[in-house]
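Step one of this worksheet: look at the structure below.
Just so you know, all these numbers are worked out from the coordinates, no wet-lab data involved. A quick note: this is a predicted structure, and the numbers were derived from the prediction, not measured. Virtual Cβ from ideal backbone geometry, glycine too; neighbours counted across all protein chains shown.
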Amino acid sequence: MYIDLIALKNYRNYEDVRIEPCRGVTVLTGDNAQGKTNALESVYLCCTGRSHRTSHDRELIRTGSEVAYVKVSGVRRDGRHDVEISLSESGRRQVKVNASPVRRSGELLGHITGVLFAPEDLRMVKDSPSVRRRFMDMELSQLRPSYYYALQRYNRALKQRNALLKEALIAPVDPESFDVWERELSLSGAEIVQSRVSFVGKLAESASDIHASITAGKETLRVTYEPSVPPGESLSETKDNLAKQLLNAREKDIKRGLASFGVHRDDLGIFIGDMDARSYGSQGQVRTCALSLKLSEIELIQKETGEAPVLMLDDVMSELDPDRRRQLVKRLDGVQALITCTDKNDLAGAEIGKLFHVKNAILTEEV
C-alpha cells in the first residue's frame, strides 16, 4: 500500500498543511523541533489510533486551538482508504473511515498500515518488558482488530479484578464477583496468548534471517515468547490454564492487592546465540537486534496482508553506524518510506523521490 495525502489542521505545531508523499522515499529534513516528527506521528495515529509519544489527545492540539484534525489517505489493492481523526480539548474524539463515522476505535485498524522506527526503539531490547509487549500489541492490533478488542476486554477485566483485590483487603468480597472477572480474563487472555504465540513464531523466523544478513552470518538471533502462564495446545486449553492459575493465585493476590501474573506480564526473549541480549548485549548488538525486529515487522505485515506497510523512520539514521544504515536502505526497495533527518547525508545513498525542508511547521519542497 501507499499513502498519497497527509492533511493536518491545528495538529501539534501545524496550523494547516497538506503533504503529498511519493510512492518511494519521501524525506522531511530540517533542524530539531520544527515539526518533522509530528508529521510522522499523525500517520501513526491513523494507523493505530494512538500516538507513539503521548496518551493524551490534548497534547496533539495546537496551542490556542480547541480542535485538531488529521486525515491520511492511502491506496491498497482493494481501493482507496481514508482515515480522519478529530481531537477536541474536551477529550472527545471523532473518527471516520472512508467518510463514515465509526463507533469503536478499533474500526480504523487495518486501513492504513505502517511501521514506525524511532530512536527509542533502539532501546527496546534493554528496556522493560512493557515496551516489548507494546511492540507485540501494536503490530498484532493492525493485523487483527479482533486482537485489539480482546486486549481491551482483558484490560477492563484486569482493572475490575484489581479493584476487588484492594476491596478484599478491607472487607470480604463475594467469590462470585471474582469469578465473573476471572472468566473474562481467562477467555480474552487465552485469545491474546494464542495470537502472540503465532505472531512471535513468524516474527522470530523473519528476524533471525534479517539478523544473519546484517551480521554477515556472524551472529544468530533467537526470539522467543515468554508468557507468564504456559499456553496450551488450543484456545480452550489455554483458557483453562489461565482460569486455574487465577483461582489458585486469588488469596496471594488479595494479600498483594495486585494480579501476580497474566498476559500483562508477558515478555519477549531476545538472545544472541545463548546470551540474553536484554541483559548482556553490547550497544552494537542491541541496536542490530532492534533493527532486525523492526524490519521483520515489514516482512511479516507484507506476508499477512499481501501488501507492504508504510515505513516511517524518525531520525533513526543518525543513531545507526554506516553499516547498519546501508543495511536499512537496502530494504527500502518496494516499500513507501517517510524519513525524517537533520542531515540528508545520513541517508546512506537512499534514492530520494521527494524532499521537503521543514521550518516552523512550514514545508518547502526542494527540487
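General observations
- Taking the chain and dividing mean pair separation by its residue count, relative contact order in percent (alpha carbons under 8 Å, at least six apart): 25 percent
- Contact order relative to length of segment 122-306, as percent, for alpha carbon pairs under 8 angstrom and 6 or more apart: 32 percent
- Crossing angle, helix 36-48 versus the chain [Cα axis fit, 0-90 degrees, rounded to tens]: 50 degrees
- Packing-based exposure ordering (other Cβ within 10 Å, fewest first) of Val43, Val193, Val286: Val286, Val43, Val193
- When the GluC sites (Glu not before Pro) in segment 17-108 are filtered for DSSP coil states and for at most 11 other beta-carbon atoms within 10 Å of their beta-carbon, the remaining sites are Glu66.
- Zone of Lys126's modelled label, taken as backbone nitrogen in segment 236-278 under 13 Å from a point 7 Å along Cα→Cβ: 277-278
- Matching the structure-derived Rg and Dmax of the Cα atoms in Å against the labelled list (1) 21.8, 72; (2) 30.0, 101; (3) 21.1, 60 gives the label (1).
- Relative exposure of Met312, Met138, judged by other C-beta atoms within 10 Å (fewest first): Met138, Met312
- Euclidean distance between Cα centres, segment 139-183 to segment 297-361, Å: 39 Å
- Each helix, a run of at least 4 DSSP H residues, gives -39500 (n - 2.57); summed and divided by the residues of the chain, these come to -14000 deg cm²/dmol at 222 nm.
- Of the GluC sites (Glu not before Pro) found in segment 162-264, the ones in coil according to DSSP and having at most 12 other Cβ atoms within 10 Å of their Cβ are Glu233.
- Of all lysines in the structure, the ones whose alpha carbon falls short of 26 Å from that of Lys303, not counting any fewer than 8 places away in one chain, are Lys202, Lys294, Lys330.
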